[in-house]
């Protein structure tokens with residue numbers, strides 16, 4: 001039970017500070033789950049985060065489920081998912097009931113504009129962390145650049161790019177073997 005409470009509280013903190021998208025949770029996960037709690041290593045976190053992007057669902061919820069499952073089985077997964085979703089659900093309910101009344105207020109517009117800039121900065125930081133942790137050789141650099149071009153410039157589906165990267169990884173593994 002103590003483990004479930006710890007999972008819930010840790011992911012509640014992450015969920016409460018995760019603005020924008022699942023990518024903004026990467027620095028929070030690194031601090032809380034890897035550095036503070038020591039539940040998984042940085043490499044395991046990168047693997048979980050990559051896997052969370054490849055399966056259907058929200059990255060934040062998927063990541064919480066994977067880490068919770070590793071720490072406490074299905075109950076741990078439920079505690080982590082409940083933790084990471086509690087604050088966003090409360091925030092959405094508050095926005096829907098209170099803030100929507102002030103949506104066109106210049107102060108609110110300015111506040112949301114500031115939040116958008118902050119979220120862009122946090123996402124950029126997460127991308128830099130992902131690149132530093134995962135791109136370790138020339139093949140990784142080439143795949144990273146190719147993936148960026150395919151998605152950002154040619155507007156191909158990220159699903160296609162992930163599948164293509166899996167095929168390339170398997171080919172490289174086969175050649176090295």
Practice problem: Determine by what factor the alpha-carbon radius of gyration of the stretch 30-165 differs from 2.2 N^0.38 Å, reporting the quotient. | Solution: 1.27
Practice problem: Would you mind checking the tilt of helix 59-97 against the longest principal axis of the Cα atoms of the chain, expressed as 0 to 90 degrees and rounded to 10? | Solution: 40
Quiz item: Given Cα pairs under 8 Å that are at least 6 residues apart, what percent is the relative contact order of the chain?
Solution: 24
Exercise. At 7 Å along the Cα-to-beta-carbon direction for both residue 132 and residue 97, put a label point, then send me their distance in nm to one decimal.
Key: 4.1
Exercise. Let me have the 222 nm mean residue ellipticity of the chain computed from DSSP H runs of 4+ only, each contributing -39500 (n - 2.57), with the sum over all residues rounded to the nearest 500.
Key: -25500 deg cm²/dmol
Quiz item: Where does each of 26-39, 68-81, 43-56 land if you order them by average Cβ count within 10 Å, highest first?
Solution: 68-81, 26-39, 43-56
Quiz item: Rg and Dmax of the stretch 2-104 over Cα atoms: what are they, in angstrom?
Solution: 14.0, 46
Quiz item: Gap in Å between the Cα centre of the stretch 150-177 and the Cα centre of the stretch 80-139?
Solution: 28
Quiz item: Taking N as the number of residues in the stretch 101-152, what value does Rg over Cα atoms divided by 2.2 N^0.38 Å take?
Solution: 1.74
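Each value in this text was obtained by applying a stated rule to the coordinates, not by laboratory testing. Computed from a prediction, not measured in an experiment: that's the story for all the values here. Please note: Cβ atoms are built from the backbone with ideal geometry, for glycine as well, and neighbour counts cover all protein chains shown.
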